[in-house]
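Everything below concerns the one structure shown next.
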Amino acid sequence: PGRAVPPEAMREISLHVGGIIAGPVPCAIINKRLVQSGETIESFAVERIEPDAVFLRRGEHRLKLPVAEKPARVRLAL
């Protein structure tokens, strides 16, 4: 049987993509910080930046975050 992760072993983070700047080296504004591919934010690696979304990776987890008004809430095991 799979073991559930106890709530105290989880943390919730917010990731907000405020904008994407296309160009030779695309950048994204995540949590009011300018990041490029290869950088890390909130323990996620910025895998790539497309005109409409940012792709993040943390171990086996992959996220696609679009530019949005509200932050995405992500629950992570510690």
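The values are calculated or read from the model by the stated rules, or taken from the named source; none is laboratory data. Because the structure is a prediction, the values reported are computed rather than measured. Cβ coordinates were reconstructed from backbone atoms using ideal geometry, including for glycine residues, and neighbour counts include every protein chain displayed. Only protein heavy atoms, including side chains, enter the accessible area calculation; ligands, DNA and RNA are left aside. Shrake-Rupley method; radii C 1.70, N 1.55, O 1.52, S 1.80 Å.
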* Quick one: Karplus J couplings for region 20-34, per residue in order, coefficients 6.51, -1.76, 1.60, θ = phi - 60°, nearest Hz, x for Gly and Pro? -> 10, 10, 6, x, x, 10, x, 10, 10, 9, 10, 6, 6, 10, 7
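Taking Cα pairs under 8 Å and at least six residues apart, what relative contact order does the chain come out at, in percent?
33
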* To do: Keeping the other protein chains in place, figure out the carbon and sulfur percent of the accessible area of region 7-78, with a 1.4 Å probe.
  => 53
* Structure fact -> Rounded to whole Å², per residue accessible area for the chain with a 1.4 Å probe reads 69
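Under a Cβ-only charge scheme (Lys and Arg +1, Asp and Glu -1), can you give me the dipole magnitude of the chain about the Cα centre, in debye to the nearest 20?
Working: 12 positive and 9 negative charges, 35 e Å.
About 160 debye.
To one decimal place, what orientation-averaged projected area in nm² is obtained for the convex hull of the Cα set of the chain? Walk me through the numbers on the way to the answer.
Details: hull surface 22.8 nm².
Result: 5.7 nm².
Could you give the length gained by full extension between SER43 and ARG75, i.e. 0.36 nm per residue of separation minus their alpha carbon distance, to one decimal place? List each step's numbers first, then the result.
On the way: separation 32, 0.36 × 32 = 11.52 nm, distance 1.22 nm.
Full-extension gain reported as 10.3 nm.
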